[in-house]
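In what follows, a single structure is set out as structure tokens and then discussed.
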Amino acid sequence: MKRLLTVLLAIGLFQSLVFGASTRKKTTGKSTVKKTSVQKKIVQKKKVSSNIKRVKKATPKRAKRRAYRRRASSVWKTPTFADSTSHDQINGEDLEIRRAAVEALGPYNGSIVVVDPSNGRILSMVNQSLALSTGFIPCSTVKLITGLAGLNEGIIDRDTQMRLSKRSSLNLTSALAHSNNTFFANIGLKLGFEKVRHYAQMLGLGEKAGFNIEGESPGELTTQPPKRGGVGMMTSFGEGISMTPLQLAAILSAIANGGRLYYLQYPTSPEELVAFEPRLKRELALDPWMPEIKYGMRAATMYGTARRANYGSDEPVWGKTGTCTDFGKAAHMGWFGSFNEVDGRQLVVVVMLTGGRPVSGPLASSIAGTFYKLVASRGYFPGQPSTVPVALISTEQCCTLELSAN
């Protein structure tokens, strides 16, 4: 009898537990009471309003992502390869320099400008439509200006170690060699926009680099801090600046010669070449700092981003690379500004490339290295060129000389 009672009690307890669980599910679930039409409208309005708010919050981010994807896909519309010698006016150019520049540039869509830094004479200008155009973002070549400004304002010296993280710090020489963006962005923030713009103007940005060169553009220099990245992006990538290869060649000439900013001149006939006289634009009050910048430029070609520019252990090259994207031009950019020195003579060489993904500053430095090597192998530096060309005609072998009938 006791066993029977125990079994009955267990069955009853089990049934009560099952019943309790089922009632809890029903009470915690959705109400089975039908909603009135007014209640349905209120619920629908809440859903619509919540959806609208959600779309408003998401739209700007989605729009930015779509705009970035459009810009990124349009970047590569600019061709990487092109005929860089078509429509060039080449009367009065230096024959050996022209040949070497055209051969070094090869099929790339770009420009090479070669200048004598001792007087500002343009010895050759390959692809003049690009060299004289509205200009391009200077990318990391702007760090030369940032470095000079930081030195002159006492923010840094050549040995100042700037801590970039818990484990890394750099000085000016290493920062130029490796083109460190954070280092130069920090200098820009300490300088402020007005001082950055002042030094950019001092070094010739925002004005024509040449003297009476037909078709030359002055580029652009923003009057307000760039919206994208502010002063830091301006001093590390050149945001808000549009620079021509001629302007960079003028800056490099001033660094090479110790602080004299010459007007660049481009003789277009033997008569203009005979009458050529240097024209000084201004003496820069930055001459004490030029050697400090040169340490970093030399380091760039020895172990940094411009290693491919080296062409001989006894013929040093100083240079600075630049790689970035110019969304305004829908192009990837590769810059290299440089100069060498052999037997007391110097050549400033600026290479600017535009196009797609293969384009970069290191590639531009390689082209400059090829140019220097070609010029040296042809015995340019020991003596002056034996002929002055009246016209150079581009061929598959590069150039042929057409002498005037005298």
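The values are calculated or read from the model by the stated rules, or taken from the named source; none is laboratory data. Since we're looking at a predicted model, the values are computed, not measured. So basically every Cβ, Gly included, is an ideal-geometry build from the backbone, and we count neighbours across all protein chains shown.
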>> I'm checking my understanding of the structure. Among residues of the range 287-323 that are among the acidic types (Asp, Glu) and in a loop (DSSP other than H, G, I, E, B), which one is surrounded by the most Cβ atoms within 10 Å (Cβ to Cβ)?
In response: Glu315
> What are the pairs, 6+ residues apart or on separate chains, where a residue within the range 341-363 that is at pLDDT 95 or above has its Cβ under 6 Å from a residue that is part of a loop (DSSP other than H, G, I, E, B) and among the hydrophobic types (A, V, I, L, M, F, W, C)?
Replying inline: Leu353/Val359
>> Consider the range 318-361. How many of its residues are more than 13 Å from the chain's Cα centre (by Cα) and either closer than 15 Å to Ala249 by Cα or acidic (Asp, Glu) (or both)?
In response: 12
>> Please count how many residues of the range 334-369 are over 14 Å from Thr301 (Cβ atoms), of a type in the set (S, T, N, Q) and in contact with a Lys or Arg (Cβ under 9 Å, 6 or more places away or on another chain).
In response: 1
> Given (1) touching a residue at least 24 places away in the same chain (Cβ under 8 Å); (2) surrounded by 16 or more Cβ atoms within 10 Å (Cβ to Cβ), where does Glu272 come up short, assuming only one miss?
Replying inline: (2)
> Going through the range 310-340 one residue at a time, which ones are at pLDDT below 95 and among the charged types (D, E, K, R)?
Replying inline: Asp314, Glu315, Asp326, Lys329
>> Against the definition (modelled with pLDDT of 95 or more, assigned to a loop (DSSP other than H, G, I, E, B) and farther than 30 Å from Thr268 by Cα), how does Ile155 come out, yes or no?
In response: yes
>> Pull out all pairs, ordered by first then second residue, where Cβ-Cβ is under 8 Å, the residues are six or more apart or on different chains, the first lies in the range 125-138 and is in a strand (DSSP E or B), and the second is surrounded by fewer than 24 Cβ atoms within 10 Å (Cβ to Cβ) and charged (D, E, K, R).
In response: Met125/Asp88; Val126/Asp88; Phe136/Asp326; Phe136/Lys329
> Within the range 312-336, can you find the residues that are over 28 Å from Leu374 (Cα atoms) and not hydrophobic (A, V, I, L, M, F, W, C)?
Replying inline: Thr325, Asp326, Gly328, Lys329
> Is it true that some residue in the range 202-217 is assigned to a helix (DSSP H, G or I) and either at pLDDT 95 or above or crowded, with 21+ Cβ neighbours inside 10 Å (or both)?
Replying inline: yes
> under 24 Å from Thr78 (Cβ atoms) and in a strand (DSSP E or B) - does that describe any residue in the range 359-373?
Replying inline: no
> Regarding Phe336, is this residue surrounded by 24 or more Cβ atoms within 10 Å (Cβ to Cβ), assigned to a helix (DSSP H, G or I) and aromatic (Phe, Trp, Tyr)?
Replying inline: no
> Mind checking whether some residue in the range 265-286 is part of a helix (DSSP H, G or I) and at pLDDT 95 or above?
Replying inline: no
>> If I filter the range 351-374 for residues that are aromatic (Phe, Trp, Tyr), out of contact with any Pro (no Cβ under 9 Å at 6 or more places or on another chain) and more than 12 Å from Ile112 (Cβ to Cβ), do I get at least one hit?
In response: no
> Looking at (1) under 21 Å from the mean Cα position of the chain (by Cα); (2) exposed (fewer than 14 other Cβ atoms within 10 Å of the Cβ), which is the only condition Arg197 fails?
Replying inline: (2)
> Out of all the residues in the range 232-249, which are surrounded by fewer than 24 Cβ atoms within 10 Å (Cβ to Cβ) and either more than 16 Å from Phe327 (Cα to Cα) or basic (Lys, Arg) (or both)?
Replying inline: Gly232
> Of Ser118, Ser140, which residue is of a type in the set (Gly, Ala, Ser), in contact with a Gly (Cβ under 7 Å, 6 or more places away or on another chain) and at pLDDT 95 or above?
Replying inline: Ser140
